[in-house]
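Participant: Below is one structure. I have some questions about it.
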Amino acid sequence: MQITEQGPDRVRIKMLQQMAEALDDEAEALYRRAASFEDEDYLLTREIEERVTEINRMKLRLDAVRRERSSVIRRIEELRVEAAAIREEIFEGEDELVIQNLGTGELDRLALNAQTPYENHDDSFFADLDDEPDINASFFRKVTLKDRVA
């Protein structure tokens, strides 16, 4: 009887050993799978860091472009204001010239000169300009008598 009693115990022990080995094999496979997840996690984290860095660079570039655009728009506005001031000065100067020359026949000569090429014009209209340049002009300086002579 001892032979038969030892037989089933041995079989049972052998079967338990095989089950333990199978569980160890399964744990080993799961460990390898967990390691591959760690590798993938590391690679994805690095990719995210690289993309965040690139996004930050792009944001900085975008901010610089927006600042430059704002600067250009301010400059455009300054130039338009200056152009309007020059036009206003021209209109005022023309009005003063007309008032000064009413009834002198000078208007006919000026109208004739306006239709001829520039080199035929006399520079008499520069005589009334200020000697001091306009410090508010940012693109064109006013022509002064000193500039014209020099």
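Only the coordinates and a few stated rules stand behind these numbers; no lab work does. In this text the structure is predicted, and so the values were computed from the model without any measurement. Note that we place each Cβ from the backbone using ideal geometry, even for glycine, and neighbour counts take in every protein chain shown.
Participant: Excluding R67 itself, calculate the net charge of residues whose Cβ lies under 15 Å from the Cβ of R67, where each Lys or Arg counts +1 and each Asp or Glu counts -1.
Facilitator: Neighbourhood net charge equals +4.
Participant: Please compute the length gained on full extension between I48 and A83, using 0.36 nm multiplied by the number of residues separating them and subtracting their Cα-Cα distance.
Facilitator: Additional length available on full extension: 7.4 nm.
Participant: Now for a different question. Give me the three principal axis extents of the stretch 1-79 from the C-alpha atoms, as integers in angstrom, largest value leading.
Facilitator: On the principal axes, the stretch 1-79 reaches 116, 12, 7 Å in Cα extent.
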